[in-house]
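Working notes for the structure below.
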Amino acid sequence: LKQQHTLLYKVNGILTLTTFLFCRILLFPFMYWSYGQHKGISLLRVPFNIPLHCNVANAILISPQLYWFSLLCKKAARLFDTARTKKNG
């Protein structure tokens, strides 16, 4: 619909990035921190105190999330870079 220049589109993009970061990326460190709090160990010791297959599964699950997040960030950077370029020139 060619609405990429509107403020609402940009605000939606920022909210999407923020939501994705908190709900799909930071969920994993929070999960490890929560486990550490429950067991009374530090966050850095958690990966060594849970079974290996749990760490492997978490790595497999977070890998595509990080990839998708990088794509979203690149798209956002292009959008805001294009907006600045049009504004300046």
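Condition first: hydroxyl-bearing (Ser, Thr, Tyr), under 18 Å from the mean Cα position of the chain (by Cα) and at pLDDT 95 or above. Can you find one or more residues in the range 39-55 that meet it? Lay out the reasoning, then the answer.
Initially, the range 39-55 is screened for residues hydroxyl-bearing (Ser, Thr, Tyr), giving 42.
Filter again for under 18 Å from the mean Cα position of the chain (by Cα), leaving none.
No, every residue in the range 39-55 fails to be hydroxyl-bearing (Ser, Thr, Tyr), under 18 Å from the mean Cα position of the chain (by Cα) and at pLDDT 95 or above.
Would you call ILE60 out of contact with any Lys or Arg (no Cβ under 8 Å at 6 or more places or on another chain), at pLDDT 95 or above, of a type outside the set (S, T, N, Q) and not in a helix (DSSP H, G or I)? Judged against the criteria, ILE60 is not a match.
Just checking, does the range 66-84 include any residue being at pLDDT 95 or above, of a type outside the set (Ser, Thr, Tyr) and open to solvent by 80 Å² or more (accessible area, probe 1.4 Å)? Yes, the range 66-84 contains at least one residue that is at pLDDT 95 or above, of a type outside the set (Ser, Thr, Tyr) and open to solvent by 80 Å² or more (accessible area, probe 1.4 Å).
Just give me the residues in the range 6-64 being of a type in the set (Phe, Trp, Tyr), more than 30 Å from ALA77 (Cα to Cα) and open to solvent by 90 Å² or more (accessible area, probe 1.4 Å), in sequence order. Even if it seems obvious, please write down each step before you answer.
We begin by selecting, within the range 6-64, every residue of a type in the set (Phe, Trp, Tyr); these are 9, 20, 22, 28, 30, 32-33, 35, 48.
With more than 30 Å from ALA77 (Cα to Cα) added as a condition, the list becomes 32-33, 35, 48.
TRP33, PHE48 - these are the residues of the range 6-64 that are of a type in the set (Phe, Trp, Tyr), more than 30 Å from ALA77 (Cα to Cα) and open to solvent by 90 Å² or more (accessible area, probe 1.4 Å).
The values are calculated or read from the model by the stated rules, or taken from the named source; none is laboratory data. These figures come from a predicted structure and were not determined experimentally. Positions of Cβ are backbone-derived with ideal geometry, glycine not excepted, and every protein chain shown enters the neighbour counts. For accessibility, only protein heavy atoms count, side chains too; no ligands or nucleic acids. Shrake-Rupley method; radii C 1.70, N 1.55, O 1.52, S 1.80 Å.
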